[in-house]
């Protein structure tokens with residue numbers, strides 16, 4: 001399951017005074033509605049949010065849970081962030097159960113103590129893979145992303161929406177082929193013709209895919225292959241439109257690969273979440289000595305994760 005954190009403008013009738021009060025409390029567009037979008041093979045695009053009212057119907061804020069399966073990303077979305085990926089087969093089911101439990105235990109809306117912000121942060125913290133890996137500011141996930149939003153390029157939302165569409169399409173593809181045992185990330189290659197010289201494939205030590213635009217989906221294929229490959233030592237993925245999703249899968253592959261020594265991911269769209277995954281993979285990797293991440297979108301949090309990995313081994317060289 002992949003989890004995204006989203007924002008949109010408020011739609012509930014809270015009044016101009018109350019809205020001003022929220023803006024004073026949260027500052028810099030914090031008076032926006034936050035929600036989660038989960039993507040799994042069974043449910044490729046699932047919205048999970050607190051339904052905080054309807055302006056046209058005069059419904060005021062409450063803590064009513066809304067879960068809806070979507071076909072497309074809502075046009076009302078003003079910001080999206082990929083939180084991460086969990087491989088647990090029951091992750092979505094558990095997420096929904098936690099949401100239901102939260103609403104039962106916190107039935108009354110409160111501008112400070114119980115609202116859409118506290119709801120989404122609580123759900124994210126319930127997922128073990130995300131609890132300690134998501135960047136925060138003053139202990140808050142949302143505070144961190146609000147502070148980053150001041151420096152975001154205007155095209156960030158377009159890129160985030162495209163990433164979500166790519167993730168949705170991968171899960172849709174997986175669902176389509178699940179019943180024929182052909183999951184996208186577990187496809188078995190056909191047996192090679194006996195007349196083909198397989199020695200070249202079996203002894204491949206360097207692979208340069210520069211400028212091919214393989215994107216996150218292609219990087220996922222490579223990441224899964226790297227887990228089992230025992231010959232490749234150099235992989236060049238310069239300028240390939242790879243973002244956090246692909247970097248996360250490559251980072252996971254580094255935990256298992258024992259031969260790769262050089263990995264070039266320069267001029268890609270990797271941000272902090274992807275850098276953190278790569279740093280986590282490097283903590284478990286004993287062979288990689290050169291990693292090029294120049295001209296990416298990594299900021300302080302991602303750099304810190306890579307720095308921690310660098311401290312773990314003085315033989316690793318990062319660009």
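Given an 8 Å cut-off on Cα distances and at least 6 residues of separation, report the relative contact order of region 231-308 as a percent.
Normalised by residue count, the contact order of region 231-308 is 35 percent.
What's the ranking of 84-94, 205-215 by average number of surrounding C-beta atoms within 10 Å, highest first?
84-94, 205-215
Please rank 1, 63, fewest neighbouring Cβ atoms within 10 Å first, as an exposure proxy.
Lowest to highest Cβ neighbour count: 63, 1.
Under the 0.36 nm per residue contour assumption, what length would be gained going from the current alpha-carbon distance of residue 47 and residue 65 to full extension?
Working it through step by step, the gained length comes to 5.4 nm.
No value in this document is a laboratory result; all are computed from the given coordinates. What you see is a predicted model, and the numbers here were worked out from it, not measured in a lab. Backbone-built Cβ (ideal geometry, glycine too); neighbour counts: all protein chains shown.
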